[in-house]
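Structure, as structure tokens:
The numbers here are math on the coordinates, done by the rules we state, and not lab data. Keep in mind that this is a model prediction, so the values were computed, not measured. We place every Cβ from the backbone using ideal geometry, glycine too, and count neighbours over all the protein chains shown.
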Amino acid sequence: MQVRTRRQESWWLPLAFFATFAVASSAGALSGSELDALGDRISGHVLSPLVGEPLTVDELRGEVVVVSFWATWCKPCHRELAVLDELHARVAPLGARVLAVSIDRDRGRVERFVEERGLSLPVFHDGPDDLIAALDVDAFPFTIVIGRNGRAVFASHDTSDEALAEFAQRVDDLASASPTRVAEGSTR
């Protein structure tokens, strides 16, 4: 007769927790009220771009808006930024925006990072104590998609190939769903 220890019987618990978290993250599994609360907190906050005039997400109502919180020290963020840069180029003519919001303390470090990587999407600096603290987010990148009606429709931390492809497809679908077009080169 084989005797199992409690440790042998519960080996799967950490795995189950991780799998549940990974599925929830990749599915953007926030409830509608949680997404609404995120959208409300983000909408009126003034974002300071590295180049150009400050803006709020409210000013972009009518456009699909992707807001990604990232940091120069966050390796998964680097991976997502490359995808977001391509996504921005593709969906901007469809009336969508991708906003990369750095939570780094040092704005100069963010400027150097953006220049070294040749990023063309709009990059903002908000620091670690402003909007991201109000949102109570502690895992990065954290990306939120806001629909043309101004409501948050999706949020995720996942940077796996599958999750990024699904995310990009969702944004493409939202951006393509409306006949609204923005003139090429528009920086509104």
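Annotations
- Among the residues examined, T72 does not qualify as under 25 Å from E59 (Cβ atoms), in contact (Cβ under 8 Å) with a residue 24 or more places away in the chain, touching a Phe, Trp or Tyr at 6+ places or on another chain (Cβ under 8 Å) and of a type outside the set (A, V, I, L, M, F, W, C).
- Looking only at residues of the range 131-177 that are outside any helix (DSSP H, G or I) and basic (K, R), we find that the one that is farthest from the chain's Cα centre (by Cα) is R148.
- Scanning the range 93-130 for residues that are part of a strand (DSSP E or B), over 16 Å from C74 (Cα atoms) and out of contact with any Pro (no Cβ under 8 Å at 6 or more places or on another chain) gives a single hit, A96.
- Of all residues in the range 159-168 being of a type outside the set (A, V, I, L, M, F, W, C) and surrounded by fewer than 21 Cβ atoms within 10 Å (Cβ to Cβ), the one that is nearest to V91 (Cα to Cα): E166
- Extreme residue, nearest to D130 (Cα to Cα), among residues of the range 49-66 that are crowded, with 16+ Cβ neighbours inside 10 Å and touching a Ser or Thr at 6+ places or on another chain (Cβ under 7 Å): V57
- Residue among D138, D158, D129 that is in contact (Cβ under 8 Å) with a residue 60 or more places away in the chain and over 17 Å from G39 (Cβ atoms): D158
- Filtering V67, V51 for residues that are within 26 Å of R151 (Cβ to Cβ) and of a type in the set (A, V, I, L, M, F, W, C) leaves a single hit, V67.
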